[in-house]
Amino acid sequence: MTLKLASITTMSTPTSNVLDANGLPSPALPAGLPDPQTLARLANAFFTALPGNPPSGPGQGVSGSLPSELSAAAPALPASTNPAPPGSPLAGPGGTGTGVPGASIPQGKIPGANLAPSAPTHVLSLGHRGPSLLPHATAQNGLPDTVVSVAPAMDSRYGGVALGVPEATASRAPLEAQAAGAPASGASPYYFIDLAASSTRGPDVERPVTVPAAEFASLSPFLSPTDVSGGIGRVDQTSPGNASHYGGGLPFGLPRGATQSGPASANTSERYFIEAPGTHAPTDSLGHGAHPSAAQSAHPPFDVNAIRRDFPILQERVNGKQLVWFDNAATTHKPQSVIDRLAYFYQHENSNIHRAAHALASRATDAYEGARSKVQRFIGASSADEIIFVRGTTEAINLIAKSWGVQNVGAGDEIIVSHLEHHANIVPWQQLASQTGATLRVIPVDDSGQVLLEEYQRLLSDKTKIVSVTQVSNALGTVVPVKEIVDLAHRVGAVAVVDGAQSVSHMRVDVQAIDADFFVFSGHKIFGPTGIGVVYGKRAILDAMPPWQGGGNMIADVTFERTVFQPAPHRFEAGTGNIADAVGLGAALDYVTRVGIENIARYEHELLDYATRLLKPIAGVRLIGTASDKASVLSFVLKGYTTEEVGRALSEQGIAVRSGHHCAQPILRRFGVEATVRPSLAFYNTTDEVDRFIAVIRRLANR
């Protein structure tokens, strides 16, 4: 292997105007060295020509393992060509990264002008995230403006101020361009807008695919045309992106009976969740509408494979099998942006908050209070002062019961919960009733697992002081009509609490539209850290409540004779709170917002339909909870097996589900069981994973 270096010694470029990491001028490159463009080209040629490596072709990069755009954008540059100015929050061992939310561009820098990686090792070490390392522009030195996630909390797919693309416009920019008649670009820096997919999906799209007329349009590629309970049809098991059928190249949303062959047109989207405005599609056997062609929709495409790349734990192997995480109702996994944000906090911002003049206290306070504002916007509260940070939903309900409850509930009063509740929304109210002499009343459910509103109305009276219900059942997945429940509670003067632990990650929540007096949820159920949760309370109610705990951080003045407490929310946050994880929760909400909660809801709805249609007909399977309105939770038992045996059989294949009573024993006993198997789905799950799950259940059922 020989690289010809002749005729390049005259192309050296002076670098005396480049600053090093200390802000001092870097020494000029020695005479005779090539300019950066030539170095980049030679480095790429060198790595490509290593023994045993085939020449780079389409889809190949360095050593044939990285994408071509990565190899083209991985110049071997001396560190001095990509410095971070002194004091910059972007400075680090990898040079200047993509930025941190809220951080301005360092002085003297231009958006999109200094984002080349500082060394090829940083690119090679991030090979598994190659799709996010896309050139976006040309830097001043002529190199591709490649983004490397060196600084946390800003994955390069999102865009940002360092790229010259404000975050607020990132998600809508491509759609605005299309609306203005501009041609769709083949590459998008935004992981959730794959414009290239609108025009072609690669070799698999070129093969004819017929959607049977008798089946649900978005699911028919996976179901037998003649028998829904039959084998899982495969259109193409060898196509690229086979990790998922959704977003993997199949023409979702085609009209019934349509056949697609050849590349898809630029105006055709193969996404399953699109429904043309004003179009009422026919329904399938489950009562759900089949979605018509996506061509008339304004919804951005949903690429589950891009989503999955953001969750590093999904690459884990269990018992030699690729991990399938179907235990999302227990806890969800964390995207890399959340992991990076936590690391960045401890590396650059770690301090106690409030009441300090030093820089780190200011950074930590800004990050913590910024997370509070993100929660406020995410759930539609009117003020950040209505958001209290706690450890989780359990602590949130206990705070309400032991502060507002003790103050306002007395002997003879009544507390109402539903039969669907998690133990965390039963036990604190039992304790309050026992302490005050109140009575606990229960809203019954029907055989599908939906609450009976007529029976609820009969329970209400002027004795009712508080109604506390879940928005989504963790055991059955039932979506409860909380707005109606809250309205009826207010008619009798009761306060309404909504447990949103299982709802915030699946559907849009607007606490003002619901008119809840309190709304609670946990961060780890919405792709954030454990140990952090939220209480939303109407400001007037919070101001009238006594503190739950006493200590530092929640006081305005203390003498031995009296204590003056801070106003809400600080009066309810005694001591040093979980600062870092609150910041991590804010990053998780940013991530979900970028994806779009409506996009998540549509995708999960189709995934739940798909899994239900395959699981329900299996001999010996009994579904527990069949309400027409459900979140992505399946609960079932299999005849001849304990739930633990089913859970172990699935775990042997790398599939994680929850088996047991799910901290919801009363509702399971309502259906005559003590435990169920509970696969619960999230937006990073795929139909391939459902297929693996169904294969295990069928094998057990056929024994």
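The values are calculated or read from the model by the stated rules, or taken from the named source; none is laboratory data. Source: prediction; values computed, not measured. Cβ coordinates were reconstructed from backbone atoms using ideal geometry, including for glycine residues, and neighbour counts include every protein chain displayed. Side chains are part of the model used for accessible areas, which takes the heavy atoms of the whole protein and leaves out ligands, DNA and RNA. Shrake-Rupley method; radii C 1.70, N 1.55, O 1.52, S 1.80 Å.
Structure above, values below:
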quantity: Those residues of segment 305-335 which are open to solvent by less than 60 Å² (accessible area, probe 1.4 Å), polar (S, T, N, Q) and touching a helix residue (DSSP H, G or I) at 6+ places or on another chain (Cβ under 7 Å), in sequence order; calculated: THR331, THR332
quantity: Restricting segment 514-524 to residues that are buried (at least 24 other Cβ atoms within 10 Å of the Cβ) and either part of a loop (DSSP other than H, G, I, E, B) or of a type in the set (Lys, Arg) (or both), the residue that is nearest to the chain's Cα centre (by Cα); calculated: ALA516
quantity: Test: ALA568 is open to solvent by 10 Å² or more (accessible area, probe 1.4 Å), assigned to a loop (DSSP other than H, G, I, E, B) and of a type outside the set (D, E, K, R); calculated: no
quantity: All helices (runs of 4 or more DSSP H) inside segment 358-474 with 1 or more residues being small (Gly, Ala, Ser) and surrounded by fewer than 23 Cβ atoms within 10 Å (Cβ to Cβ); calculated: 359-379, 427-436
quantity: Some residue of segment 277-289 being open to solvent by 60 Å² or more (accessible area, probe 1.4 Å), out of contact with any helix residue (DSSP H, G or I) (no Cβ under 9 Å at 6 or more places or on another chain) and either at pLDDT 95 or above or part of a helix (DSSP H, G or I) (or both); calculated: no
quantity: Lone unmet requirement of (1) hydrophobic (A, V, I, L, M, F, W, C); (2) buried (at least 24 other Cβ atoms within 10 Å of the Cβ); (3) under 29 Å from GLY672 (Cα atoms) for VAL535; calculated: (3)
quantity: Answer from VAL479, VAL511, VAL495 - the residue that is within 27 Å of the chain's Cα centre (by Cα), touching a residue at least 60 places away in the same chain (Cβ under 8 Å) and open to solvent by 10 Å² or more (accessible area, probe 1.4 Å); calculated: VAL479
quantity: From ALA356, ALA433, residue being modelled with pLDDT of 95 or more and of a type in the set (A, V, I, L, M, F, W, C); calculated: ALA433
quantity: Tally, over segment 538-563, of residues that are under 27 Å from LEU488 (Cβ atoms) and open to solvent by 20 Å² or more (accessible area, probe 1.4 Å); calculated: 6
quantity: Matching entry among ASP629, ASP688 (being closer than 24 Å to VAL472 by Cα and surrounded by fewer than 23 Cβ atoms within 10 Å (Cβ to Cβ)); calculated: ASP629
quantity: Residue count for segment 662-690, restricted to those that are assigned to a loop (DSSP other than H, G, I, E, B) and touching a residue at least 24 places away in the same chain (Cβ under 8 Å); calculated: 13
quantity: Selected residue (only one of LEU634, LEU607 is under 19 Å from TYR684 (Cβ atoms) and in contact with a strand residue (DSSP E or B) (Cβ under 9 Å, 6 or more places away or on another chain)); calculated: LEU634
quantity: Residue within segment 556-563 that is outside any strand (DSSP E or B), acidic (Asp, Glu) and in contact (Cβ under 8 Å) with a residue 40 or more places away in the chain present; calculated: no
quantity: Any chance ALA364 is out of contact with any helix residue (DSSP H, G or I) (no Cβ under 8 Å at 6 or more places or on another chain) and not hydroxyl-bearing (Ser, Thr, Tyr); calculated: no
quantity: Hits in segment 475-504 - residues which are more than 13 Å from ASP515 (Cα to Cα), touching a helix residue (DSSP H, G or I) at 6+ places or on another chain (Cβ under 6 Å) and outside any strand (DSSP E or B); calculated: ALA475, ALA501, VAL504
quantity: Failed item in (1) assigned to a helix (DSSP H, G or I); (2) more than 23 Å from ALA574 (Cβ to Cβ); (3) open to solvent by 10 Å² or more (accessible area, probe 1.4 Å); (4) of a type outside the set (Gly, Ala, Ser), with VAL338 passing the rest; calculated: (3)
